[in-house]
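The values are calculated or read from the model by the stated rules, or taken from the named source; none is laboratory data. Worth saying up front: this structure is predicted, and the values here are computed from it rather than measured. Positions of Cβ are backbone-derived with ideal geometry, glycine not excepted, and every protein chain shown enters the neighbour counts. Areas reflect the complete protein model, heavy atoms only, side chains present, ligands, DNA and RNA absent. Shrake-Rupley method; radii C 1.70, N 1.55, O 1.52, S 1.80 Å.
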Amino acid sequence: QALVYCEHYATNALLGFFARHAKNSGVDLDVFVQLPEKIQIPETTLSVVLGNLLENALEACERTVGMEKKITVRGKLEMGSVFFAVSNGYEGKLRRDSSGRFLSTKSNKRGMGLESVVQLVQSNGGVIEVEAENGIFRVFVLLPEQSSALESTDHLQEMRSYM
């Protein structure tokens, strides 16, 4: 019996896939996502964004030793935009390039997963914020159903409180 995380089929399937992997890796996955069956954002866009964020979070948790292995996922559709917030613990020092973007922990390059998410969100008229402090890595994503829907980051600030 598969858990139903939300009504949006592709997002629900993705969350189920990562829930199984998290369980097998000893990672607690805390999910509260309220997405309806139909959204005006392509399933591929949502899947790439959320899939990359969850893959990165799971890899970070699998590398931790001395801390709680937990990923928190929040998501909802509100005011014509889909909001996702993903947070996870991490150990070690995170590195940034000269422009402040996070570098991959696997090499000296920017992380392709996070970099592809940033580019995809921005190319769809959305906003993304990434922060890391006190051993917690957080990513906030706001994707408008129509690319003209977002004119400021004020809405993202409101949605951050949902985390």
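Miscellaneous remarks
- Residue within the stretch 75-92 that is surrounded by fewer than 19 Cβ atoms within 10 Å (Cβ to Cβ) and among the aromatic types (F, W, Y) present: no
- Just one residue in the set V31, V27 is in contact with a Lys or Arg (Cβ under 7 Å, 6 or more places away or on another chain) and over 20 Å from P144 (Cα atoms); that residue is V27.
- Qualifying residue in the stretch 11-22 (condition: in contact with a Ser or Thr (Cβ under 6 Å, 6 or more places away or on another chain), within 21 Å of Q119 (Cα to Cα) and open to solvent by less than 100 Å² (accessible area, probe 1.4 Å)): yes
- Close pairs from the stretch 61-75: first in contact (Cβ under 8 Å) with a residue 60 or more places away in the chain, partner open to solvent by less than 60 Å² (accessible area, probe 1.4 Å) and assigned to a loop (DSSP other than H, G, I, E, B), Cβ under 8 Å, at least 6 apart: M67/G135; R74/Y162; G75/C6; G75/L35
- Filtered residue count, the stretch 3-35, keeping only those that are closer than 17 Å to S81 by Cα, in a loop (DSSP other than H, G, I, E, B) and either touching a strand residue (DSSP E or B) at 6+ places or on another chain (Cβ under 6 Å) or at pLDDT below 95 (or both): 2
- The residues listed here are G80, G100, G89; of these, the one that is on the phi > 0 side of the Ramachandran plot and modelled with pLDDT of 70 or more is G80.
- Test: residue in the stretch 129-139 that is open to solvent by less than 30 Å² (accessible area, probe 1.4 Å) and modelled with pLDDT of 90 or more: yes
- Unmet requirement for P144, which otherwise passes all of (1) within 27 Å of D28 (Cβ to Cβ); (2) modelled with pLDDT of 85 or more: (1)
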